[in-house]
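> Provided herewith is a single structure, encoded as structure tokens, for subsequent inquiry.
The values are calculated or read from the model by the stated rules, or taken from the named source; none is laboratory data. In this text the structure is predicted, and so the values were computed from the model without any measurement. Methodologically, a virtual Cβ is constructed for each residue, glycine included, from the backbone with ideal geometry; neighbour enumeration extends over all protein chains shown.
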Amino acid sequence: MPSQRIILLAHNVRSLWNVGSLFRTSDAFAVEKIYLTGYTAVPPRREISKTALGAEESVSWEQCEDPKNAIQKLKKQGYAIVALEQARGAVDLKKFASPPKVCLIAGHEVLGVPKELLKLCDAIVHIPMHGKKESLNVAVAAGIALHHLRSSSC
């Protein structure tokens, strides 16, 4: 297990296939735990399992309806809370050095991370877009961010 500790918080992710993909990607980057908050679906679900390919069984996860509770708990444990969002003040992901303990928040596929959660974050990062589209699929974006966090730890 890497010395850097990464947790993923998936808030209001509506697609079961995206949830499965987040599990599989979390396994690939040794994510310690996934918090599934809001109305994000939880295993066991056929659609999640189809995409996760068993990662929903090997990656630790917890359902927590109110993400603020999970965030407060993680802050007390020394985790930096980092939202992946296109928002005012967001830092280019390439310029963000990951702290030793980090919780990455990924949000709703269309609406993103709500403002009330952004206010609780220590940092907000974004992935620069170079094409015509303004955003990526949440699972793809989380994968890019997790790769960066894992490879750029302080």
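> Out of everything in segment 87-98 that is at pLDDT below 95 and either in a loop (DSSP other than H, G, I, E, B) or aromatic (Phe, Trp, Tyr) (or both), what residue ends up being farthest from Cys121 (Cα to Cα)?
If we take residues in segment 87-98 being at pLDDT below 95 and either in a loop (DSSP other than H, G, I, E, B) or aromatic (Phe, Trp, Tyr) (or both), then Ala97 is farthest from Cys121 (Cα to Cα).
> Restricting attention to segment 11-28, which residues are over 13 Å from Val140 (Cα atoms) and either assigned to a strand (DSSP E or B) or among the charged types (D, E, K, R) (or both)?
Selection gives His11, Arg14, Asp27.
> Does Ala52 satisfy the condition of being of a type in the set (Gly, Ala, Ser), buried (at least 19 other Cβ atoms within 10 Å of the Cβ) and out of contact with any Cys (no Cβ under 7 Å at 6 or more places or on another chain)?
Taking the combined requirement at face value, the residue satisfies it.
> With respect to Ala10, is the statement that it is surrounded by fewer than 18 Cβ atoms within 10 Å (Cβ to Cβ), within 16 Å of Ala145 (Cα to Cα) and in contact (Cβ under 8 Å) with a residue 24 or more places away in the chain true?
No.
> If you don't mind, there's one more thing I want to ask. Between Lys68, Lys73, which is modelled with pLDDT of 95 or more, surrounded by fewer than 19 Cβ atoms within 10 Å (Cβ to Cβ), in contact with a Cys (Cβ under 9 Å, 6 or more places away or on another chain) and not hydrophobic (A, V, I, L, M, F, W, C)?
Selected residue: Lys73, the only one of Lys68, Lys73 that is modelled with pLDDT of 95 or more, surrounded by fewer than 19 Cβ atoms within 10 Å (Cβ to Cβ), in contact with a Cys (Cβ under 9 Å, 6 or more places away or on another chain) and not hydrophobic (A, V, I, L, M, F, W, C).
Quick grid of which residues meet (1) loosely packed, with under 13 Cβ neighbours inside 10 Å; (2) under 26 Å from Ala41 (Cα atoms); (3) in contact (Cβ under 8 Å) with a residue 12 or more places away in the chain:
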site	(1), (2), (3)
Val110	yes, yes, no
Pro128	yes, no, yes
Lys133	yes, no, no
Ala145	no, yes, yes
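> Please list, ordered by residue number, the helices (runs of 4 or more DSSP H) wholly in segment 37-85 having 1 or more residues that are within 20 Å of Arg24 (Cα to Cα) and touching a residue at least 24 places away in the same chain (Cβ under 8 Å).
Counting at least 1 such residues, we get 46-52, 55-58.
> Restricting to segment 99-129, name every residue that is among the small types (Gly, Ala, Ser) and either touching a Cys at 6+ places or on another chain (Cβ under 9 Å) or assigned to a strand (DSSP E or B) (or both).
Scanning segment 99-129 gives Ala106, Gly112, Ala123.
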